[in-house]
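Working notes for the structure below.
The values are calculated or read from the model by the stated rules, or taken from the named source; none is laboratory data. Just so we're clear, the structure is a prediction, and the values are computed from it rather than from any experiment. Backbone-built Cβ (ideal geometry, glycine too); neighbour counts: all protein chains shown.
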Amino acid sequence: MSEINVTPLVDVMLVLLVIFIVTAPLLIQAVPVELPKTAATRSVAPLRNLPVSINRNGQVFLDRKALATDALEDELRRHKNADGELNILIQADRAVDFGTVAQVMAAVQRAGITRVSVVTVAR
């Protein structure tokens, strides 16, 4: 007989499948825990997104209002004190010099704002 008999292989695979089906539910069971009850907490205030845009000419805009680069830090501090925690969204034209973007990021850091995002467009 020159052919391979696959019947024993099928038998072994079916036994392994049955073992897996029987043991799988035992692996999923979690430890039963009765969680304590607590009073509801107040909700956390949502972050306010504040866009800082830099156009092709290097002009800086804070929330669509033109602003000198030197005055950006003071304006950001004023917004931070009024609104609490801020998330700065830096939107820079791709033709802008990186030095301008770095100055804006440094002003954001000096203003004490730690959440900064750089906005890009997917291709």
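Criterion first (under 17 Å from N49 (Cβ atoms) and in a loop (DSSP other than H, G, I, E, B)) does I113 satisfy it?
In short, yes.
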Subject >> Long-range neighbours under 8 Å by Cβ, at least six apart or interchain, first residue modelled with pLDDT of 90 or more within segment 60-86, second of a type outside the set (S, T, N, Q) and surrounded by fewer than 12 Cβ atoms within 10 Å (Cβ to Cβ) >> reply: V60/A66; V60/A68
**OP:** Specify which of the listed residues (R110, R42, R77) is surrounded by 15 or more Cβ atoms within 10 Å (Cβ to Cβ), basic (K, R) and more than 22 Å from the chain's Cα centre (by Cα).
**Re:** R77
Original post:
Within the bounds of segment 97-107, is there any residue that is touching a Lys or Arg at 6+ places or on another chain (Cβ under 9 Å) and either closer than 17 Å to N49 by Cα or without any contact (Cβ under 8 Å) to a residue 60 or more places away in the chain (or both)?
Top reply: no
